[in-house]
Amino acid sequence: MSKTSIYGLTFEQLSAWLLERGHKKGRASQVWEWLYRKRVTTFTDMVDVNLDCLKVLSENFTIQTLTEHTKQESADGTIKFLFALADGDLIETVLMRHKYGLSVCVTTQVGCNIGCSFCASGLLKKDRDLSSGEIVEQIMNVQLHLDEVGKGERVSHIVVMGIGEPFDNFENMVDFLEIVKDQKGLEIGPRHITVSTSGLAQKIYEFADLKLQVNLAISLHAPNNELRTRIMKINRAIPLEKLMPAIDYYIEKSNRRITLEYILLKDVNDQKEHAEELAELIGDRRAYVNLIPYNPVDEHSQYQRSEEKTVLAFYDTLKKNGITCGIRIEHGTDIDAACGQLRSKQMK
Ligand code: SAH
Ligand code: SF4
């Protein structure tokens, strides 16, 4: 079996692993410094680390397992990376530029089994989960690219919104969050991290209990069960009666507001009555609705993007009904922006 990436170990896991082999805690700190601050990509570059320690590390781990397959840069500075995993599968990672910083959208699974009717990622069934190391590596590869460009830019934000359902790869995703948040490493503020889920209620409770302080976004996309089941078949197993209490639990435990994502699909869920019904469903919950312009996917030709005036009218209706909301700014529309699009084109 090929070696896994050392990026996949939390600081505590690496410390414990080294301790079992007779290396004290200070060694783990040294190794992390090289990995995340000086950002070397071979063990031999860690010149001041004890040689026995480096030997045992390199016998059991590698640093990089991903290779860059293609990279597309958009006019607005968005960069979409397609990485090949060690076993040949392809995944997508996107770097976006905002006023407030640089965010990276990471993939958590190869394909997705949830199979939402509008999504390009769900076109390809899940092959496997990504390891925590493979998720961290996406951030590191983007950061190494920025280091190479040499402007001193840092990845400041993370959105777990690439291919896959993060709550269907829960443990690896949580390890990933612990690693990127760690103040000894990349030190990305938890409030700068957002995880998006299609609404696996049971996992939302578990996630709330972990108190990780990261933002949670729920792909809601419809104001009632009938419509939600039509566009997201997961709603059959986990209808709103199960999802809404999980959302309430998260809001209460985290003492934070939740983001509700709502893709606007022309004539499907974008009418005034849908906005009113959505406002009623949300009620006085601490929620922020993110209205998302639909990115057309060739295979899902039954859906079109809502017209701009419809989007604005939907927004106005929500506002009038006391709902906090915004319209998502799009990035990289000239480069197969919808998650999973670039990959699904390459795999054809
Ligand atoms: N599986 C998770 C996270 C990945 S999808 C989830 O579903 O939440 C991230 C976001 O992109 C979700 O809100 C999803 O509904 C949205 N999305 C998927 N396909 C899209 C498309 N074609 N256009 C716009 N948004 C899309
Ligand atoms: Fe999977 Fe999310 Fe796409 Fe649904 S929207 S198919 S859960 S990646």
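The values are calculated or read from the model by the stated rules, or taken from the named source; none is laboratory data. Predicted, not measured: the structure shown is a model, and the values here were computed from it. When we count neighbours, we look across all protein chains shown, and the Cβ atoms used for this are built from the backbone with ideal geometry, even at glycine.
Computed values, structure above
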read-out: Filter result for the condition that a residue is farther than 19 Å from A217 by Cα and within 16 Å of ligand 2 (Cβ to nearest atom), over V106, V110, V142, V160; value: V110
read-out: Check on Y250, in contact with a strand residue (DSSP E or B) (Cβ under 7 Å, 6 or more places away or on another chain), free of Cβ contacts under 8 Å to residues at least 40 places away in the same chain, among the aromatic types (F, W, Y) and under 25 Å from V159 (Cα atoms); value: no
read-out: Residue in segment 117-129 that is in contact with an Asp or Glu (Cβ under 8 Å, 6 or more places away or on another chain), over 17 Å from V195 (Cα atoms) and more than 11 Å from ligand 2 (Cβ to nearest atom) present; value: yes
read-out: Check on I251, aliphatic (A, V, I, L, M) and within 20 Å of T317 (Cα to Cα); value: no
read-out: Within segment 215-266, helices (runs of 4 or more DSSP H) holding 1 or more residues that are closer than 17 Å to D284 by Cα and over 22 Å from the mean Cα position of the chain (by Cα); value: 240-254
read-out: Enumeration of residues in segment 136-187 that are more than 20 Å from E92 (Cα to Cα) and basic (K, R); value: K151, K181, K184
read-out: Residue that is within 14 Å of the chain's Cα centre (by Cα), among the charged types (D, E, K, R) and more than 18 Å from G332 (Cβ to Cβ), where the choices are E134, E92; value: E134
read-out: Residue among E241, E276 that is at pLDDT 95 or above, more than 16 Å from ligand 2 (Cβ to nearest atom) and over 26 Å from V160 (Cα atoms); value: E276
read-out: The lone exception for D284 - which of (1) more than 27 Å from Y250 (Cβ to Cβ); (2) part of a loop (DSSP other than H, G, I, E, B); (3) not polar (S, T, N, Q) it fails; value: (1)
read-out: Hits in segment 188-205 (condition: within 16 Å of ligand 1 (Cβ to nearest atom) and either within 19 Å of V94 (Cα to Cα) or not basic (K, R) (or both)); value: I193, T194, V195, S196, T197, S198, G199, L200, A201, Q202, I204
read-out: Filtered residues of segment 53-112 (kept if among the basic types (K, R) and either over 26 Å from F43 (Cα atoms) or touching a His at 6+ places or on another chain (Cβ under 6 Å) (or both)); value: K71, K80, R97, K99
read-out: Total residues in segment 84-133, condition part of a helix (DSSP H, G or I) and within 16 Å of ligand 1 (Cβ to nearest atom); value: 3
read-out: Residue identified as farther than 21 Å from H157 by Cβ and either buried (at least 16 other Cβ atoms within 10 Å of the Cβ) or in contact with an Asp or Glu (Cβ under 8 Å, 6 or more places away or on another chain) (or both) among F11, F83; value: F11
